[in-house]
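All of the numbers you see were taken from the coordinates with simple rules; none came from a lab. It should be emphasised that the depicted structure is a prediction, and the values quoted were computed from it without experimental measurement. Here the Cβ positions follow ideal geometry from the backbone for every residue, glycine too, while neighbour counts run over all protein chains shown.
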């Protein structure tokens, strides 16, 4: 298996390598391989798109010059100098326009400046194709960025510079430094005095608290599937939907998109305070009349 992984790494096929790492149970490595490979592809795609746009611009300038136009004065016959402020870096203009030093064609004033911005169909098609490829890669990378530590997720203590210590309920471990690579379940995630923090409970029942940046997901792909399922829930239950909550039919009037907490006002409600507070995952769609 290791030989196969080395061959895939040398081939540069990061998707196949990530798939093989997942099959080998090395989920974290697979996720990091996929994200770094996508970042590299996005960088390459952006560079290629920029090169195509520059080539199209240069082609437009060549067509303009071939028709007798002047790139320096754009048919005005005079050039206004532009300078850059040495202290602020901002562009600013000074001095009066001076006669264009270029040798002009007799019809240089009559050449349509629109030729500079004109793009041929094949140039537009190539640029649009490259833009679509870049958009696809960025959309895939955006999905991976949605993966984050949430309550109940399996995490690994991974920051070697952190100095987290076990809490008092850890028995003999209480007060000792948390070893690098310690794995556990995130039982609390929220804001602390100095940023986002997480509480982790190990398989032995010991707990510790640390900054959210000090832990990584043990299986990011599992969290990615959870995020996709949660987005599907949000699409299935928009506000105003008629649902069944705790056996009562009512209207879904409030949804917290961060964690799926929601409020349902039953049709048989006895007042404004008679509201069912629950989670999206516990809801069912109400059957329409006559169904």
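Summary value for region 154-223: 38 percent relative contact order, contacts being C-alpha pairs under 8 angstrom separated by 6+ residues. Computed from Cα positions, the angle between helix 2-11 and the longest principal axis of the chain comes to roughly 20 degrees.
Given R₀ = 35 Å, what would the calculated FRET efficiency be for residue 203 paired with residue 259, taking r from the Cβ atoms and rounding to 0.05?
0.90
For the chain, the longest principal axis of the Cα atoms and the long axis of helix 220-236 meet at an angle of about 90 degrees. When the chain is treated as a GNM, springs tying every alpha-carbon pair under 10 Å, which of 98, 157, 222 comes out with the largest mean-square fluctuation? Looking only at 98, 157, 222, the biggest GNM fluctuation is shown by 98.
To the nearest ten degrees, helix 121-145 and the longest principal axis of the Cα atoms of the chain are 20 degrees apart. Here the convex hull built on the C-alpha positions of region 12-78 has a volume of 83 cubic angstrom per residue. Over the Cα atoms of region 113-200, each weighted equally, I'd like the Debye log10 I(q)/I(0) at q = 0.11, 0.15, 0.16, 0.18 Å⁻¹, rounded to two decimals. With no solvent term, the Cα-only Debye profile gives -0.55, -0.74, -0.80, -0.93.
Listed by Cβ neighbour count within 10 Å, with the fewest neighbours leading, 36, 269 appear as 36, 269. In this calculation the C-beta distance from residue 148 to residue 122 is compared with R0 = 41 Å, giving a FRET efficiency of 0.40.
Stretched out straight at 0.36 nm per residue, the stretch from residue 53 to residue 232 would grow longer than its current Cα-Cα span by 60.7 nm. Set the Förster distance to 22 Å, then compute FRET efficiency between residue 216 and residue 188 from the Cβ-Cβ distance, nearest 0.05. According to the calculation, E is roughly 0.80.
The distance separating the Cα centre of region 100-125 from that of region 178-219 comes to 62 Å. Seen from every direction in turn and averaged, the convex hull around the alpha carbons of the chain projects onto 30.9 nm². Given the options 62, 245, 76, state which has the largest fluctuation in a GNM of the chain using a 10 Å cut-off (strictly under) for Cα springs. Among 62, 245, 76, the largest GNM mean-square fluctuation belongs to 76. For the residues 214, 159, 107, a GNM of the chain with alpha-carbon springs under 10 Å puts the largest fluctuation on 107. Legend: Rg and Dmax of region 154-223, from Cα coordinates, 11.3, 35 Å.
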